[in-house]
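Written out below as C-alpha cells is the structure these notes cover.
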Amino acid sequence: MSKLLFSHLVEIDDASKQLTIYRVLSNGEKQLYTQTDLPSKTVDEDKQGFEEFARALGENILIDSPIARNILKI
C-alpha cells in the first residue's frame, strides 16, 4: 500500500480575514484541510495571542504531514 503524498497550500483572504489550508495532492487536486479566522488583534495588541495562533498553525501542518510525522516521530 503506497502512502498518500501531498503538500500544503496556505491561503489568506484579506476580505474575510480567514486563513485556509488545503492539501494539494500529487495530481494537483486541492482538498480543504482547515479554515480559521485570523486573530482580530494585531501582534502589538496581543503578542501572546499571536504566538499561540502561529504555534497552532504550525502544529496543524506538521501533524497533518505524514512525512513530518515520520521524521519527527509524532
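Observations on the model:
- Of the criteria (1) at pLDDT below 95; (2) part of a loop (DSSP other than H, G, I, E, B); (3) surrounded by 12 or more Cβ atoms within 10 Å (Cβ to Cβ), which one residue 68 fails: (2)
- Residue in the range 18-28 that is over 19 Å from residue 67 (Cα atoms), surrounded by 10 or more Cβ atoms within 10 Å (Cβ to Cβ) and among the charged types (D, E, K, R) present: no
- Among the residues of the range 1-52, those that are among the charged types (D, E, K, R) and either touching a Cys at 6+ places or on another chain (Cβ under 9 Å) or in a strand (DSSP E or B) (or both) comprise 11, 13, 23, 30, 37.
- Residues (closer than 22 Å to residue 11 by Cβ and among the charged types (D, E, K, R)) located in the range 52-73: 52, 55, 59, 64
- Here is the figure for the range 50-62: residues that are within 12 Å of the chain's Cα centre (by Cα), surrounded by 13 or more Cβ atoms within 10 Å (Cβ to Cβ) and farther than 18 Å from residue 74 by Cβ total 1.
- Counted residues, the range 32-49 - those being under 15 Å from the mean Cα position of the chain (by Cα) and surrounded by 10 or more Cβ atoms within 10 Å (Cβ to Cβ): 7
- Some residue of the range 2-12 being in contact (Cβ under 8 Å) with a residue 60 or more places away in the chain and charged (D, E, K, R): yes
The values are calculated or read from the model by the stated rules, or taken from the named source; none is laboratory data. All values derive from a computational prediction rather than experimental measurement. Every residue, glycine among them, receives a Cβ derived from its backbone with ideal geometry; neighbour counts consider all protein chains shown.
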